[in-house]
Each structure stands twice: as C-alpha cells, then as structure tokens.
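Scroll down for the structure; my scribbles are underneath it.
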Amino acid sequence: MAKRQPRDTLPTHIAQWRDQVRRDYGIEDAPGLILLEQAALALHRAEQARELLAKDGLVTRDRFDQPKPHPAAVIARDAEASFRAALRDLQLDVEPARPVGRPPGV
C-alpha cells in the first residue's frame, strides 16, 4: 500500500481567509470548495516563496559563480498566477469594477 502524501497545513490567516470567502460567497459545492482550497494553497506557496526571497535576495549564483534569478521568484510568479486563475474559475471579482464609459472630465 502506497503512503499518502501529507496535506499542506495552511497558516491560520490563510485558512481564515479561505473560510471567510466560502461564507461570503456561499461556496458549498465540491468543485467550488476544491478551487477555493487550490487558491488558498497557491496563496500559501506565494507567501512562502516571497519569504525565501526576502531572506536570500532576488539573485543567486550558479556553479560558475554567475548571477541568476532565485528559483523562488519563479515559484512566487507561478503561485500568484494559480491563485488568480482559481479566483477567476470561481467567478470572484479579481479587480474592482470600473464605471462604464469615459472618465469624467475627458
């Protein structure tokens, strides 16, 4: 029998965000709950990557001592994109609504 991978444990503030979004938007269906969990995990991954970047810096050195982008920068970028995609799939507003038409005074 194969061992199950341990589930990621979300920090309290992200779990509270997930639960608040579930309540605010009435997300109760299985696909919606899965998407919301994916969004929360992506948010957690992005946060972890940003913490690593804050500690190590944006640039690291390869085996030839040449500067290269820190791998955590890619992780942060991908996790943030996954977070936005999950919110879009849940059909939650990602950007504030803008009024239709030209801006006033133009």
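Taken together, the values in this text are just the output of simple stated rules run on the coordinates, not laboratory data. Model, not experiment: these values are computed from the prediction. Reconstructed Cβ throughout: ideal geometry from the backbone, glycine too, with neighbour counts over all protein chains shown.
When the inverse distances between all different Cα atoms of the stretch 29-89 are averaged and flipped, the Kirkwood radius reads 12.6 angstrom.
Scan the stretch 55-84 for trypsin sites (Lys or Arg not before Pro) in coil per DSSP, keeping those whose Cβ has at most 14 other Cβ atoms within 10 Å, and list them by number.
Numbers: sites: Lys55, Arg61, Arg63, Arg77, Arg84; in loops: Arg63.
Within the stretch 55-84, the qualifying trypsin sites (Lys or Arg not before Pro) (loop, at most 14 other Cβ atoms within 10 Å) are Arg63.
Please list 3J(HN,Hα) in residue order for the stretch 40-55, calculated via the Karplus relation 6.51 cos²θ - 1.76 cosθ + 1.60 where θ = phi - 60°; whole Hz, with x for glycine and proline. Listing the rounded values in order: 5, 5, 5, 4, 5, 4, 4, 5, 4, 5, 5, 5, 5, 5, 5, 7 Hz.
Under a 5 Å amide H cut-off, with hydrogens placed 1.01 Å from N, Thr60 pairs with Lys68, His70 among residues at least 5 apart or on other chains.
The 3J(HN,Hα) values that the Karplus relation (6.51, -1.76, 1.60; θ = phi - 60°) gives for the stretch 9-24 are, in residue order, 9, 7, x, 4, 5, 6, 4, 5, 4, 4, 5, 5, 4, 4, 5, 4 Hz. Gly and Pro appear as x.
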